[in-house]
Amino acid sequence: MVEVKTEDGKTLGFGDGQFQVIAGPCSVESYEQVLGIARAVKSSGATLLRGGAFKPRTSPRSFQGLGVEGLKILSKVKHEVGIPVVSELMAIEDLPEFEDIDVIQIGARNMQNFRLLKEVGTQTKKPIILKRGLSATIKELVLAAEYVLDAGNPNVILCERGIRTFETEMRNSLDLGIVPVIHRLSALPIIVDPSHSTGKAWMVEAAAVSATAIGADGLIIEVHNDPKNAKCDGDQSQTPEMFDATMKKVMEAREMAMKWWRTM
Ligand code: PEP
Ligand code: MN
(Lines give C-alpha, C1' and ligand atoms only; values in the text may rest on other atoms or scores of the structure.)
(Ligands and ions follow the chains in the order given, each with its own letter.)
Protein backbone atom coordinates (compact mmCIF):
# COMPACT_ATOMS: atom_id res chain seq x y z
CA MET A 1 0.00 0.00 0.00
CA VAL A 2 1.10 3.55 -0.72
CA GLU A 3 -0.01 6.22 1.74
CA VAL A 4 -0.58 9.96 1.53
CA LYS A 5 -0.96 11.98 4.74
CA THR A 6 -3.55 14.73 4.91
CA GLU A 7 -3.11 17.96 6.86
CA ASP A 8 -5.61 16.83 9.51
CA GLY A 9 -3.60 13.69 10.19
CA LYS A 10 -5.60 11.18 8.15
CA THR A 11 -3.99 8.61 5.88
CA LEU A 12 -5.15 8.04 2.33
CA GLY A 13 -4.13 4.60 1.09
CA PHE A 14 -3.77 3.26 -2.43
CA GLY A 15 -4.11 -0.53 -2.54
CA ASP A 16 -4.72 -3.25 0.06
CA GLY A 17 -8.42 -2.51 0.08
CA GLN A 18 -8.01 1.27 -0.04
CA PHE A 19 -9.26 3.31 -2.99
CA GLN A 20 -8.79 7.01 -3.80
CA VAL A 21 -10.10 9.33 -6.46
CA ILE A 22 -7.84 12.13 -7.68
CA ALA A 23 -9.61 14.89 -9.65
CA GLY A 24 -8.88 18.32 -11.01
CA PRO A 25 -7.93 20.25 -14.12
CA CYS A 26 -5.38 19.07 -16.65
CA SER A 27 -3.44 22.25 -16.01
CA VAL A 28 -3.49 24.94 -13.37
CA GLU A 29 -4.84 28.08 -15.04
CA SER A 30 -5.59 30.45 -12.15
CA TYR A 31 -6.14 30.47 -8.39
CA GLU A 32 -9.90 31.03 -8.74
CA GLN A 33 -10.21 28.20 -11.25
CA VAL A 34 -8.36 25.65 -9.11
CA LEU A 35 -10.08 26.77 -5.89
CA GLY A 36 -13.54 26.34 -7.40
CA ILE A 37 -12.76 22.94 -8.89
CA ALA A 38 -11.07 21.74 -5.68
CA ARG A 39 -14.11 22.62 -3.56
CA ALA A 40 -16.46 20.95 -6.04
CA VAL A 41 -14.53 17.70 -6.47
CA LYS A 42 -13.90 17.38 -2.74
CA SER A 43 -17.59 17.70 -1.99
CA SER A 44 -18.27 14.97 -4.58
CA GLY A 45 -15.86 12.62 -2.81
CA ALA A 46 -12.47 13.14 -4.46
CA THR A 47 -9.71 12.74 -1.89
CA LEU A 48 -6.82 14.33 -3.81
CA LEU A 49 -6.59 17.27 -6.22
CA ARG A 50 -4.65 17.14 -9.48
CA GLY A 51 -3.32 20.04 -11.55
CA GLY A 52 -0.42 20.28 -13.97
CA ALA A 53 1.99 23.19 -13.60
CA PHE A 54 4.67 21.86 -15.96
CA LYS A 55 2.90 20.48 -19.02
CA PRO A 56 4.50 18.08 -21.52
CA ARG A 57 2.76 19.32 -24.69
CA THR A 58 3.12 17.75 -28.13
CA SER A 59 3.51 21.17 -29.73
CA PRO A 60 5.99 23.73 -28.37
CA ARG A 61 3.43 26.39 -29.30
CA SER A 62 0.71 24.97 -26.99
CA PHE A 63 0.24 26.27 -23.43
CA GLN A 64 3.18 24.93 -21.42
CA GLY A 65 1.72 25.46 -17.96
CA LEU A 66 2.27 28.16 -15.34
CA GLY A 67 5.38 26.48 -13.95
CA VAL A 68 6.39 27.46 -10.42
CA GLU A 69 3.49 29.93 -10.26
CA GLY A 70 1.14 26.99 -10.87
CA LEU A 71 2.70 25.02 -8.00
CA LYS A 72 2.19 28.01 -5.69
CA ILE A 73 -1.49 28.13 -6.66
CA LEU A 74 -1.86 24.41 -5.93
CA SER A 75 -0.21 24.84 -2.56
CA LYS A 76 -2.50 27.74 -1.63
CA VAL A 77 -5.60 25.79 -2.64
CA LYS A 78 -4.34 22.72 -0.77
CA HIS A 79 -4.30 24.65 2.53
CA GLU A 80 -7.46 26.60 1.81
CA VAL A 81 -9.56 23.53 0.97
CA GLY A 82 -7.71 20.85 2.95
CA ILE A 83 -6.92 18.40 0.16
CA PRO A 84 -3.54 16.86 -0.80
CA VAL A 85 -2.26 17.75 -4.27
CA VAL A 86 -0.73 15.89 -7.21
CA SER A 87 1.38 17.53 -9.94
CA GLU A 88 3.69 16.41 -12.73
CA LEU A 89 7.46 16.74 -12.46
CA MET A 90 9.24 16.91 -15.82
CA ALA A 91 12.79 17.76 -14.78
CA ILE A 92 14.62 16.87 -11.57
CA GLU A 93 15.94 20.45 -11.25
CA ASP A 94 12.38 21.52 -10.39
CA LEU A 95 12.06 19.09 -7.45
CA PRO A 96 12.80 21.74 -4.74
CA GLU A 97 9.74 23.66 -5.97
CA PHE A 98 7.57 20.58 -5.24
CA GLU A 99 8.12 20.75 -1.49
CA ASP A 100 4.45 21.38 -0.72
CA ILE A 101 3.18 18.98 -3.41
CA ASP A 102 2.09 15.68 -1.84
CA VAL A 103 2.28 13.30 -4.80
CA ILE A 104 4.58 13.59 -7.80
CA GLN A 105 3.38 12.46 -11.20
CA ILE A 106 5.82 11.17 -13.79
CA GLY A 107 3.96 11.48 -17.09
CA ALA A 108 3.61 8.92 -19.86
CA ARG A 109 6.21 10.71 -21.97
CA ASN A 110 8.79 10.36 -19.21
CA MET A 111 8.07 6.75 -18.21
CA GLN A 112 11.42 5.68 -19.56
CA ASN A 113 13.38 8.77 -18.57
CA PHE A 114 15.63 6.58 -16.47
CA ARG A 115 17.73 9.40 -15.02
CA LEU A 116 14.56 11.12 -13.80
CA LEU A 117 13.26 7.85 -12.33
CA LYS A 118 16.51 7.21 -10.47
CA GLU A 119 16.56 10.74 -9.13
CA VAL A 120 12.98 10.67 -7.79
CA GLY A 121 13.92 7.37 -6.21
CA THR A 122 16.96 8.89 -4.53
CA GLN A 123 15.88 12.42 -3.69
CA THR A 124 12.36 11.93 -2.33
CA LYS A 125 10.14 9.50 -0.48
CA LYS A 126 6.96 11.14 -1.70
CA PRO A 127 4.50 8.89 -3.53
CA ILE A 128 5.17 8.79 -7.27
CA ILE A 129 2.39 8.20 -9.79
CA LEU A 130 4.11 6.55 -12.73
CA LYS A 131 2.01 6.72 -15.88
CA ARG A 132 2.29 4.02 -18.52
CA GLY A 133 4.16 5.15 -21.63
CA LEU A 134 2.24 5.70 -24.86
CA SER A 135 3.46 2.41 -26.27
CA ALA A 136 4.89 0.70 -23.22
CA THR A 137 4.21 -2.93 -22.36
CA ILE A 138 3.15 -3.87 -18.85
CA LYS A 139 6.59 -5.34 -18.25
CA GLU A 140 8.25 -2.11 -19.32
CA LEU A 141 6.03 -0.17 -16.91
CA VAL A 142 6.92 -2.49 -14.05
CA LEU A 143 10.63 -2.28 -14.85
CA ALA A 144 10.42 1.52 -15.01
CA ALA A 145 8.85 1.47 -11.53
CA GLU A 146 11.74 -0.67 -10.34
CA TYR A 147 14.16 2.16 -11.15
CA VAL A 148 12.37 4.25 -8.52
CA LEU A 149 12.07 1.40 -6.02
CA ASP A 150 15.69 0.29 -6.39
CA ALA A 151 16.89 3.86 -5.91
CA GLY A 152 15.19 3.93 -2.51
CA ASN A 153 11.61 5.17 -2.87
CA PRO A 154 9.11 2.33 -2.30
CA ASN A 155 6.06 4.58 -2.79
CA VAL A 156 5.14 4.02 -6.43
CA ILE A 157 1.58 4.01 -7.78
CA LEU A 158 1.25 2.69 -11.33
CA CYS A 159 -1.22 4.39 -13.67
CA GLU A 160 -2.92 3.05 -16.79
CA ARG A 161 -3.70 6.01 -19.07
CA GLY A 162 -4.37 4.23 -22.35
CA ILE A 163 -1.94 3.09 -25.01
CA ARG A 164 -1.55 3.98 -28.65
CA THR A 165 -3.08 1.41 -31.00
CA PHE A 166 -4.46 1.33 -34.56
CA GLU A 167 -7.80 2.62 -33.18
CA THR A 168 -8.68 6.22 -34.02
CA GLU A 169 -12.15 6.71 -32.48
CA MET A 170 -10.60 7.40 -29.08
CA ARG A 171 -7.50 9.31 -28.07
CA ASN A 172 -5.95 6.09 -26.74
CA SER A 173 -7.04 2.51 -26.10
CA LEU A 174 -7.82 1.81 -22.46
CA ASP A 175 -6.14 -1.43 -21.49
CA LEU A 176 -8.12 -2.49 -18.41
CA GLY A 177 -6.55 -5.95 -18.51
CA ILE A 178 -3.52 -4.38 -16.89
CA VAL A 179 -5.35 -4.14 -13.54
CA PRO A 180 -5.65 -7.88 -12.77
CA VAL A 181 -2.23 -8.47 -14.35
CA ILE A 182 -0.58 -5.98 -12.00
CA HIS A 183 -2.47 -7.36 -8.99
CA ARG A 184 -1.06 -10.77 -9.88
CA LEU A 185 2.52 -9.91 -10.69
CA SER A 186 3.32 -6.86 -8.58
CA ALA A 187 2.73 -5.58 -5.07
CA LEU A 188 2.33 -2.02 -6.35
CA PRO A 189 -1.06 -0.31 -6.49
CA ILE A 190 -2.53 0.53 -9.89
CA ILE A 191 -4.89 3.40 -10.67
CA VAL A 192 -6.66 4.21 -13.94
CA ASP A 193 -6.96 7.51 -15.82
CA PRO A 194 -10.26 7.41 -17.74
CA SER A 195 -9.65 10.90 -19.17
CA HIS A 196 -6.45 10.49 -21.20
CA SER A 197 -7.34 6.91 -22.11
CA THR A 198 -10.56 7.91 -23.88
CA GLY A 199 -10.01 11.57 -24.74
CA LYS A 200 -13.76 12.20 -24.60
CA ALA A 201 -15.68 13.59 -21.64
CA TRP A 202 -18.80 11.57 -22.51
CA MET A 203 -16.83 8.31 -22.19
CA VAL A 204 -15.08 9.09 -18.92
CA GLU A 205 -17.89 7.84 -16.69
CA ALA A 206 -18.15 4.43 -18.38
CA ALA A 207 -14.38 4.03 -18.29
CA ALA A 208 -14.14 5.11 -14.64
CA VAL A 209 -16.87 2.72 -13.53
CA SER A 210 -15.35 -0.19 -15.50
CA ALA A 211 -11.88 0.49 -14.12
CA THR A 212 -13.29 0.51 -10.60
CA ALA A 213 -15.25 -2.69 -11.20
CA ILE A 214 -12.21 -4.55 -12.49
CA GLY A 215 -10.36 -3.71 -9.28
CA ALA A 216 -8.32 -0.55 -9.77
CA ASP A 217 -6.91 0.97 -6.57
CA GLY A 218 -7.99 4.45 -7.59
CA LEU A 219 -8.79 6.84 -10.42
CA ILE A 220 -7.35 10.10 -11.72
CA ILE A 221 -9.96 12.17 -13.55
CA GLU A 222 -9.74 15.55 -15.30
CA VAL A 223 -12.40 18.04 -14.22
CA HIS A 224 -12.73 21.60 -15.52
CA ASN A 225 -15.21 24.35 -14.68
CA ASP A 226 -15.37 25.44 -18.34
CA PRO A 227 -14.11 22.58 -20.56
CA LYS A 228 -14.75 24.45 -23.84
CA ASN A 229 -12.27 27.11 -22.84
CA ALA A 230 -9.75 24.87 -21.07
CA LYS A 231 -6.12 25.61 -21.95
CA CYS A 232 -5.42 21.90 -22.18
CA ASP A 233 -7.47 18.70 -22.65
CA GLY A 234 -10.92 20.34 -22.65
CA ASP A 235 -12.47 17.58 -24.82
CA GLN A 236 -11.86 14.97 -22.15
CA SER A 237 -12.60 17.12 -19.10
CA GLN A 238 -15.74 16.48 -17.13
CA THR A 239 -17.66 19.38 -15.61
CA PRO A 240 -18.02 19.27 -11.81
CA GLU A 241 -21.64 18.15 -12.34
CA MET A 242 -20.59 15.24 -14.55
CA PHE A 243 -17.92 14.30 -12.03
CA ASP A 244 -20.45 14.29 -9.20
CA ALA A 245 -22.70 11.87 -11.09
CA THR A 246 -19.71 9.68 -12.01
CA MET A 247 -18.60 9.49 -8.37
CA LYS A 248 -21.93 8.03 -7.31
CA LYS A 249 -21.60 5.20 -9.84
CA VAL A 250 -17.93 4.70 -9.04
CA MET A 251 -18.76 4.20 -5.36
CA GLU A 252 -21.35 1.55 -6.28
CA ALA A 253 -18.83 -0.19 -8.53
CA ARG A 254 -16.29 -0.07 -5.73
CA GLU A 255 -18.68 -1.90 -3.39
CA MET A 256 -19.08 -4.66 -5.97
CA ALA A 257 -15.35 -4.88 -6.65
CA MET A 258 -14.67 -5.31 -2.92
CA LYS A 259 -17.04 -8.29 -2.88
CA TRP A 260 -15.77 -9.83 -6.10
CA TRP A 261 -12.02 -9.58 -5.84
CA ARG A 262 -10.71 -10.82 -2.55
CA THR A 263 -7.10 -10.62 -3.57
CA MET A 264 -7.00 -6.87 -4.33
C1 PEP B 1 -1.75 14.62 -17.62
O2 PEP B 1 -1.97 13.93 -16.62
O3 PEP B 1 -2.29 15.72 -17.83
C4 PEP B 1 -0.85 14.06 -18.64
C5 PEP B 1 -0.09 14.84 -19.42
O6 PEP B 1 -0.91 12.73 -18.69
P7 PEP B 1 -0.10 11.64 -19.58
O8 PEP B 1 1.32 11.76 -19.17
O9 PEP B 1 -0.74 10.36 -19.20
O10 PEP B 1 -0.34 12.01 -21.03
MN1 MN C 1 -4.22 16.22 -19.39
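The values are calculated or read from the model by the stated rules, or taken from the named source; none is laboratory data. Since the structure is predicted, the reported quantities are computational estimates derived from the model, not experimental observations. In this analysis, Cβ positions are derived from the backbone assuming ideal geometry, glycine residues included, and neighbour counts consider all displayed protein chains. What goes into the accessible areas is simple: the full protein's heavy atoms, side chains included, and nothing from ligands, DNA or RNA. Shrake-Rupley method; radii C 1.70, N 1.55, O 1.52, S 1.80 Å.
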Problem set entry | Total formal charge among the other residues, if their Cβ is under 12 angstrom from that of Ala187, Lys/Arg +1 and Asp/Glu -1 | -2
Problem set entry | Separation between Cα centres of the stretch 6-24 and the stretch 71-109, rounded to whole Å | 16
Seminar exercise, completed: Diffing the stretch 18-29: the Karplus 3J(HN,Hα) column from phi (6.51, -1.76, 1.60, θ = phi - 60°), in whole Hz with x for Gly and Pro, holds 9, 9, 10, 10, 9, 9, x, x, 4, 10, 6, 10
Problem set entry | Choice from Ala38, Ala23, Ala213 with maximal GNM fluctuation in the chain (Cα, 10 Å cutoff) | Ala213
Problem set entry | Qualifying GluC sites (Glu not before Pro) for the stretch 7-50 [loop in DSSP, other Cβ within 10 Å: at most 15] | Glu7
Exercise. Among Val142, Val204, Val103, whose mean-square fluctuation peaks in a Gaussian network model of the chain (Cα, cutoff 10 Å)?
Worked result: Val142
Exercise. Once every DSSP H run of n ≥ 4 in the chain is given -39500 (n - 2.57) and the sum is divided by its residues, what mean residue ellipticity at 222 nm do you get, rounded to the nearest 500 deg cm²/dmol?
Worked result: -11000 deg cm²/dmol
Exercise. When the accessible area of the stretch 40-120 is computed with all protein chains present and a 1.4 Å probe, what percentage of it is carbon and sulfur?
Worked result: 48
Exercise. For the stretch 179-221, which whole-number percentage of the solvent-accessible area (1.4 Å probe, protein heavy atoms only) is attributable to carbon and sulfur atoms?
Worked result: 64
Exercise. What trypsin sites (Lys or Arg not before Pro) in the stretch 14-65 are in a loop by DSSP, with at most 10 other Cβ atoms within 10 Å of the Cβ?
Worked result: Arg61
Problem set entry | Of the trypsin sites (Lys or Arg not before Pro) in the stretch 72-129, those whose Cβ has at most 10 other Cβ within 10 Å and which sit in DSSP loop | none
Problem set entry | Contact order normalised by residue count of the chain, Cα under 8 Å, 6+ apart, percent | 18
Exercise. Which values, in whole Å and largest first, are the semi-axes of the equivalent ellipsoid of the chain obtained as the square root of 5 times each eigenvalue of the Cα gyration tensor?
Worked result: 23, 22, 19
Exercise. Which value, in nm² and rounded to one decimal, describes the direction-averaged projected area of the C-alpha convex hull of the stretch 1-58?
Worked result: 5.2
Exercise. What is the stretch 158-264's relative contact order, in percent, from Cα pairs under 8 angstrom and six or more apart in sequence?
Worked result: 24
Problem set entry | Free-standing Cys, the chain [no other Cys Cβ under 4.7 Å] | Cys159
Exercise. Counting only heavy atoms of protein chains, what accessible area per residue, in Å², does the chain have with a probe of 1.4 Å?
Worked result: 44
Exercise. Pairs Lys118/Lys259; Lys78/Lys259; Lys131/Lys248: which exceed 29 Å Cα-Cα?
Worked result: Lys118/Lys259; Lys78/Lys259
